[in-house]
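Each value in this text was obtained by applying a stated rule to the coordinates, not by laboratory testing. Predicted model, so just to flag it, every value in this text is computed and none were measured. Please note: Cβ atoms are built from the backbone with ideal geometry, for glycine as well, and neighbour counts cover all protein chains shown.
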Amino acid sequence: MADSINYQLAKFVASYGKVSQIPESTCPEVSFVGRSNVGKSSIMNKLFGRKNLVKVSSTPGKTSNINFFEADDVHFVDLPGYGFARRSKAERDRWAELIGDFFDSERSFNLVVSLVDIRHDPSKLDHDMIDYLQGNEFNFIVCLTKADKLSRTQQARQAAAIKKQLNVPDENVIITSSQTGTGIDELKKRIAEACL
Ligand SMILES: Nc1nc2c(ncn2[C@@H]2O[C@H](COP(=O)(O)OP(=O)(O)OP(=O)(O)O)[C@@H](O)[C@H]2O)c(=O)[nH]1
Ligand SMILES: [Mg+2]
């Protein structure tokens, strides 16, 4: 680990269904949260320069465990998505418990990457998640995903509206696309700042 992270070394570590199963942090950790289908797995693959190290699902709500990846002595944590409409109450309760336990636990929360679809106003659950991160003073950034689906003008308009609605400072928001690579270098920079 020098002044940048070698993402080419990325590998899968383990998948956990309960927070109590996760070993103590042994290195810096970056976690990815956001609604189901927002693009968490895709942005991680883009960081790693890999097509499908992190499973990208055509069926939303597929990632129901906490999945750990590692690159160059940094952990990358793919958290299960929220807000999938066709989920049962039991599944939603399980999600809330898993995420609640995770952020309550004694870990190295170097950076939380909170993903929000740039095309839509943030949902109630996006607000809850980001309010929670702000309220508990987590070091976090918001990645606005799927920017390739909007024109430059629309991107700027949506980014401004979303920042205002979520009440997060300018410097905490990055416009990204896992398809074109927009914003990925900036994200890498923020990860390096938080972890190295
Ligand atoms: N156009 C475009 N599509 C994207 C982008 N990122 C993700 N997608 C697509 O959105 C869908 C969901 O992406 P995932 O990365 O699986 O989303 P996720 O947040 O991991 O979803 P869950 O694991 O279900 O919570 C897939 O069909 C992706 O190909 C992007 O930047 N641009
Ligand atoms: Mg996923």
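Test of understanding: among ALA147, ALA161, ALA90, ALA192, which residue is under 20 Å from SER25 (Cβ atoms) and over 15 Å from the mean Cα position of the chain (by Cα)? Please lay out each step first, then the result.
Details: ALA147 fails: under 20 Å from SER25 (Cβ atoms); ALA161 fails: under 20 Å from SER25 (Cβ atoms); ALA90 fails: under 20 Å from SER25 (Cβ atoms).
Checking each option against the conditions leaves just ALA192.
More than 18 Å from MET129 (Cβ to Cβ), of a type in the set (A, V, I, L, M), within 10 Å of ligand 2 (Cβ to nearest atom) and assigned to a loop (DSSP other than H, G, I, E, B), is that true of VAL54? Working first, answer last.
Working: more than 18 Å from MET129 (Cβ to Cβ): yes; of a type in the set (A, V, I, L, M): yes; within 10 Å of ligand 2 (Cβ to nearest atom): yes; assigned to a loop (DSSP other than H, G, I, E, B): yes.
For VAL54, the condition - more than 18 Å from MET129 (Cβ to Cβ), of a type in the set (A, V, I, L, M), within 10 Å of ligand 2 (Cβ to nearest atom) and assigned to a loop (DSSP other than H, G, I, E, B) - is met.
Within region 13-45, count every residue that is more than 10 Å from ligand 2 (Cβ to nearest atom) and touching a strand residue (DSSP E or B) at 6+ places or on another chain (Cβ under 9 Å). So that I can check it myself, show each step before the final result.
Filtering region 13-45 for residues more than 10 Å from ligand 2 (Cβ to nearest atom) gives 13-31, 33, 35.
Now restrict to residues that are touching a strand residue (DSSP E or B) at 6+ places or on another chain (Cβ under 9 Å): 13-19, 21-23, 25-31, 33, 35.
Looking only at that region, the number is 19.
Going through region 17-43 one residue at a time, which ones are more than 17 Å from the chain's Cα centre (by Cα), surrounded by 14 or more Cβ atoms within 10 Å (Cβ to Cβ) and either within 13 Å of ligand 1 (Cβ to nearest atom) or not in a loop (DSSP other than H, G, I, E, B) (or both)? Break it down into steps so the answer makes sense when it comes.
In the first step, residues of region 17-43 are kept if they are more than 17 Å from the chain's Cα centre (by Cα); the result is 17-27.
Imposing the further condition that a residue be surrounded by 14 or more Cβ atoms within 10 Å (Cβ to Cβ) reduces the set to 19, 22, 25.
Residue satisfying the conditions is VAL19 alone.
Can you go through ILE118, ILE66 and tell me which one is within 13 Å of ligand 1 (Cβ to nearest atom), β-branched (Val, Ile, Thr) and under 27 Å from GLN154 (Cα atoms)? Let's see the steps before the verdict.
Details: ILE66 fails: under 27 Å from GLN154 (Cα atoms).
Matching residue, one of ILE118, ILE66: ILE118.
Has region 57-75 got any residue that is touching a residue at least 40 places away in the same chain (Cβ under 8 Å), away from ligand 2 (no atom under 14 Å from the Cβ), outside any strand (DSSP E or B) and touching a helix residue (DSSP H, G or I) at 6+ places or on another chain (Cβ under 6 Å)?
yes
For region 93-110, name all the residues that are surrounded by 14 or more Cβ atoms within 10 Å (Cβ to Cβ) and either part of a helix (DSSP H, G or I) or touching a helix residue (DSSP H, G or I) at 6+ places or on another chain (Cβ under 8 Å) (or both).
Within region 93-110, the subset surrounded by 14 or more Cβ atoms within 10 Å (Cβ to Cβ) is 94-95, 98-99, 101-103, 107-110.
Correct list: ARG94, TRP95, LEU98, ILE99, ASP101, PHE102, PHE103, PHE109, ASN110.
In this structure, does LYS46 turn out to be crowded, with 16+ Cβ neighbours inside 10 Å, within 17 Å of the chain's Cα centre (by Cα) and outside any strand (DSSP E or B)? Outline the logic, then answer.
Details: crowded, with 16+ Cβ neighbours inside 10 Å: yes; within 17 Å of the chain's Cα centre (by Cα): yes; outside any strand (DSSP E or B): yes.
The answer is yes for LYS46.
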